[in-house]
Structure formats: C-alpha cells, structure tokens
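Asker: First the structure, then my questions, so here it is.
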Amino acid sequence: MTLRSRLILAFALILILAVVPIIMFTSKVAPFNPIFGTKGNIESSLENAVANAKTPEELVVAEKAIQEYRQSSALLEPLKLEFIKFSILLVCGLFLVSVFIASIYVKYITRPLQELTYISQKIAGGDISMTLNKVKDKEFNKLTTSFNFMLESLREAREKLKLTERHTAWQEMSRMLAHEIKNPLTALQLSNQRLREKYLTKSNDLPEVIDKTTKIMESEINNFVTLVGKFSEFARLPSPDKKPTNLNEIIKECVGLYENIPDVKFKENYDESIPEVIIDAGQIKQVVKNIIKNAIEARVENLAEAEIEDPDAAVEENFEISVTTKWNIPPRRGLLLDEVETIISNNGKAISEEDLKHLFHPYFTTKEGGSGLGLIISERILVAHNGKIEIENNQDKGARVSIKLPVNKA
Amino acid sequence: MEVLLNFAATKVIAVVIGVVALLGTKGKDVAFTTPKIIVVSDTIYVSTVLKSAFPKGLKEIILSGTPVNLRVTFQNKESDLRQGGMSHFSKEIVHNVKYNIAEKNFLITISESDTSFVVKEMRQVEQCMTNFNKVKLVCPDKYIVMVVKAYMDPIKMEAIGGKEFELMAFWDYQMPSLKFIIKR
C-alpha cells in the first residue's frame, strides 16, 4: 500500500473514531434524552397506575397519561430511525469529505517524493542531468540537498569514467591494432624476402614462386583492408537517430534476409502486444543481422568440425534459429522501466566457457577471417539506446542472445 | 494487518457509497395482495389482504387507546365508463380498532358485516384489520375497471395539544391501490 493510501486511510479512520463516540453517547449513553430515555420503566409505571386506579376519575387520568405517553412514543419512533439514518449518513459523508481533503493534502506533502521517484526513473534510464527543486519542508529539503549532492558526485564520477574509458580504449585499440597489423605485415615481409631471394639466385621455379607469393600477399592485403574497414566503422559509429518503431517489424525484416539459406529453419514467436520502442531502426537492424549471421556462421563451422569427426551426424543435424520478442514488465513498475526483449536462440553447438568470457573483447573471434568487432559494435549500439545484450548457453543445446531495449516515453 | 489495510483502502469507499445508497432506499411499501375475484351474476366477490400496513409507530398509536379507522374504497373508474361501463359504482368499507387500556384488549368493528368483536393480541388486530374477505360488490356492467384504495383517518393527539395528526404519515403518505378489470 502506498504512503498516500495509508495517510488517507489514517485520516478517515481518525475521523470515524472521533464521530462514533458522539453518536454512541447520543443514542445509548444519554439517559435523560427524551428520544432515547428508558421506555420500559415509565410505561410499566403508567400501566400500574391504570391497574391500581380506585375511582373512575383516577382511571381516566391514568388512561390519559398512558395515551399521551404512547402517542409521544409513536411520534418519536420514526424520529429515532431518522436520527440513526442521519448519523450514518453524516459519518459516511464526513468520511468521503475527509478522504477528498486528505488526498489533496497528501498529494501536496508527497510532491517532493513524486519528483524524487520521477528523477530516480530518469537516472535508471541513464539521464543524470536533472536536479531536484528545493522545497519549504525541512525534512524534504535535507533529502533534496543530499540527493542533488549525490547526483553532482555521480555526474563528476561519470565524467572521470568517460575520460578513463577513452584512455583505456585508445590504449587497447592501439595494442590490438598493432598486433593485427603486425601479422599481415610479417607475412608480406616474408613473402617479399622469399621473392627477392628466388630472383637473385635466378631460381628455376621463379614463376611458380611469384604466382604463389603474390597470392599470399594479395590475401594478406585483403585481410588488412577488411581490418581497416571494420576499425573505421567502429570509430565512426554515428549517434543514433531515434524514432518510435515497431521492433517486431524490424526483426521480421532481418529474418527475411536469411530465410532462404538451405538447412536453416527459423521459428518465429512475436508478442504482438509489445509497445513501440524509441530506436534508430538502421542501427538495431545491424545488431540483429550480426547476431543471426553469427549463429549461421557458427553452425557452418560446427558442421565442418563435425564432418571431420562424424560425417553422418553432420548431415542429419536439424539446425533451427528461434526468434522471440516479449514485453517485460518489472515487478516495481514505478522505479524500473518496462523493456522489450528479443531472444535469438539456436540449437547448434554451445559456446565454450572460456570463449563466453571474451565475446565482447575487441578483436576476439573464433571465425576464420572474422574481425572480432561485430559484437562490440552491437554492444556499443545497444548502450547508446540504454539497452543491453547478453549471451549465454541454452540448458540443453546451443546458445541464446538476449537484446533488451527500454520502453521509454521520452 | 497489511491485507486488512489494503482491503480497506481499496474497498472502503465502495462500502460507504453502498451504505448511503442502502439508507436512501425506502422500507417495505404498504400494498394489496393479488385479489381473488368471484363473479356470480351481477355480484362480484373480492378478497384481498393489505400487507405491511402496521409499522411500529402505528401499533404504538393503537396501544395508546386512540381509535384508528382504516378505510378501503372500491370504485368503477370513471374514465373507463366509455368502454361500456355505465354505473358510477362506489363502495367504502371501514375497519375500526380501539384499545381498552384498563382491560388490555382490542375492540374491532367491521362496517361491512356490521359486527364488533374483541381480540387480545396485536397480531390478531393486524390480521382482522387488513383482511378483506369476499367483499360483495353489486355492479351489472359488462366491463368494469375497479380501483381499490386504502387510507387511514387522521386522529386527534393529546400529546400534541389535541391537534390533528395524519396517520398516513406511517405509510409515507402513499395510498396503496389495486386495479382490476372484469369483462362479462
């Protein structure tokens, strides 16, 4: 129950507790009240007077007394009922009025808390640029000051982190790039040395060597160009141009690109009730395509490995990629945002525990000719959307990738 | 406790509104039961009972020894005379009760049979006063729209300085009525 409901209820209960004793006093306790006075005693006394009358005159007087008394009682009976009705209506009316007043009052006193909740939601969504307004109330003012101080510290920490991240990223990038460039350069250097040696010794197999060596050099140069291209893509990733988009449509479009690949089945399960998400459709498509492509390529590699071990088993494999979308509503909706989750799962070979740890490291790849930048670019895109990507193995077979995007009305 | 508070917070307003609505509704209305009608030649015999006619306050008035008259009228509705009815038929029956404070019994007089009798219990009074058994109506018309109405005479009340008091207040000033059609 919310603080507001509790306060309103307390307000109303206090009011009832104050009114009920008044009604009880009026209806039960007040013995001298002409309406609620003790009836039985008076009536029996009057009846005794009638029974004990000695003369006709006495009898007439006694009868007149009892007649007047009973006529009064008859008149007071409906009044008593009306009084009780009125009392109940009064209590109910006061209750409703008190709830109304309490709700206005409580809304007023809990406004800073509402503001705090709103800002907490924004912080949860990654926005820490806001500050709480100062209020008159002392207690809330302390809370506001502390909260604003915390936000300021958070902003400073984020700036420092950004700077550190930038430095670390450049260091890592330089190290990895140097390593990756060194490999093709070594191959080129060796090929060049061999070619020169064969030329100087006027070797008989010079034409074959030229042919073989230039092929190697061309291949290494191609690898080099691919690497530079991917690096350029990673470095130039633009800011997302976010618009409200139906995620199901995007996923269907991506799946459509790979549907015709032989021996790959897609099992699609879309939650049509999911709300629109604010995303850059192009970038999210890039993420989804990358994940589906990874699943298909992993399957080809697995098949190649399996074919060596057991050719029959490799042919019989029934490879399936399951694509699911769903709407996750958090249990405490006030503080956490709803999110839309896309799960791309396959029933192929599971990822080794060691590989799982390095999946999001730059230049880590298990594929021949892979750049090792696909997943890190996907992760970067999702971070820019306040979303996240998780990869884990299925309990039985294969692996699953979960992409979560917040349902943000901003 | 938490469950109770939760329940109270969400349902209490509905309960309050329900109580208010319930208090706003009226109690039982005074009404005639469905009449039993026997037609023999020009004569019609009607039997009916007046229900919920004795609220607590009215019983108290009777017990004070004040005479109470209950009148029931039978009338051929004038607007329906054009339908074939010819007679301006009208009949009134009076049931009277008077409590004897000294003897602690009730004297009941029925105008139709011109009889009086004494009963001891209020329950019997209620039964005798509200029961209209085989009321004889002589009306030769072929088409009769009969309207039956009941009301009580005002009384003089010593408790309010001998002023007149409208007993119909106990019936919320509503005259119970009954309408039936006889085609011959």
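A short reminder: the numbers here are calculations on the coordinates, not readings from a lab. Being a predicted model, the structure only gives us computed values, none of them experimental. As a convention, Cβ positions derive from the backbone with ideal geometry for all residues, glycine included, and neighbour counts pool all protein chains shown.
Asker: So what is the relative contact order for the range B:28-183, in percent, with contacts set as C-alpha pairs under 8 Å and at least six apart?
Answerer: It comes to 27 percent, rounded to a whole number.
Asker: Hey, for a label at A:V19 modelled as a point 7 Å past Cα toward Cβ, could you say which residues of the range A:68-103 have their backbone N under 11 Å away?
Answerer: Within reach of a label on A:V19, which here means backbone N under 11 Å from a point 7 Å along Cα→Cβ, the range A:68-103 contributes A:86-99.
Asker: Ranked by Cβ crowding within 10 angstrom, fewest neighbours first, how are A:L382, A:L96 ordered?
Answerer: A:L96, A:L382
Asker: Let me ask something else. Counting only C-alpha contacts under 8 Å and six or more residues apart, can you give the relative contact order of chain A as a whole percent?
Answerer: Averaging sequence separation for qualifying contacts and normalising by length gives 12 percent for chain A.
Asker: Arranged by the count of other C-beta atoms within 10 angstrom, fewest first, what order do A:I123, A:I274 take?
Answerer: A:I123, A:I274
Asker: Rank the residues A:C254, A:C92 as a footprinting-exposure proxy: fewest other Cβ atoms within 10 Å of their Cβ go first.
Answerer: Result, fewest neighbours first: A:C92, A:C254.
Asker: Let's test the formula: R0 of 22 Å, r as the Cβ-Cβ distance of A:K243 and A:F149. What FRET efficiency results, to the nearest 0.05?
Answerer: The calculated FRET efficiency here is 0.05.
Asker: Want the number for A:T201 to A:T168: 0.36 nm per residue separation, take away the alpha-carbon distance, what's left?
Answerer: This chain segment gains 7.0 nm when fully extended.
Asker: With Cβ to Cβ distances under 13 Å as the rule, what net charge do the other residues near A:E390 carry (K, R +1; D, E -1)?
Answerer: Residues near A:E390 contribute -1 overall.
Asker: Taking θ = phi - 60°, what integer Hz values does the Karplus form 6.51 cos²θ - 1.76 cosθ + 1.60 yield along the range A:109-114, in sequence order, with x for Gly and Pro?
Answerer: Taking θ as phi minus 60°, the curve returns 6, 9, 4, x, 5, 5 Hz for the range A:109-114.
Asker: What distance in nm lies between label points placed 7 Å from Cα along the C-beta direction at A:F266 and B:K183?
Answerer: Modelled inter-label distance: 7.7 nm.
Asker: Still on this model: Per DSSP helix of 4 or more residues, -39500 (n - 2.57); summed, then divided by the residues of chain A. What does that give at 222 nm, rounded to the nearest 500?
Answerer: -22500 deg cm²/dmol
Asker: Separate question: Between A:I88 and A:K122, what is the label-to-label distance in nm when each label sits 7 Å out along the Cα-to-Cβ direction?
Answerer: 5.1 nm
Asker: Once you've got the Cα coordinates, tell me which of B:K51/B:K179; A:K85/B:K28; A:K285/A:K357; A:K142/A:K404; A:K182/A:K367; A:K160/A:K367 are over 27 Å apart.
Answerer: Flagged as over cut-off: A:K142/A:K404; A:K160/A:K367.
Asker: Set the Förster radius R0 to 56 Å, insert the Cβ-Cβ distance between A:R175 and A:L7 as r into 1/(1 + (r/R0)^6), and round the FRET efficiency to 0.05.
Answerer: With R0 = 56 Å, the Cβ-Cβ based efficiency is 0.40.
Asker: What is the spin-label model distance, in nm, from A:K388 to A:D338 if the labels are put 7 Å beyond Cα along the C-beta direction?
Answerer: Using points 7 Å along Cα→Cβ, the separation is 2.1 nm.
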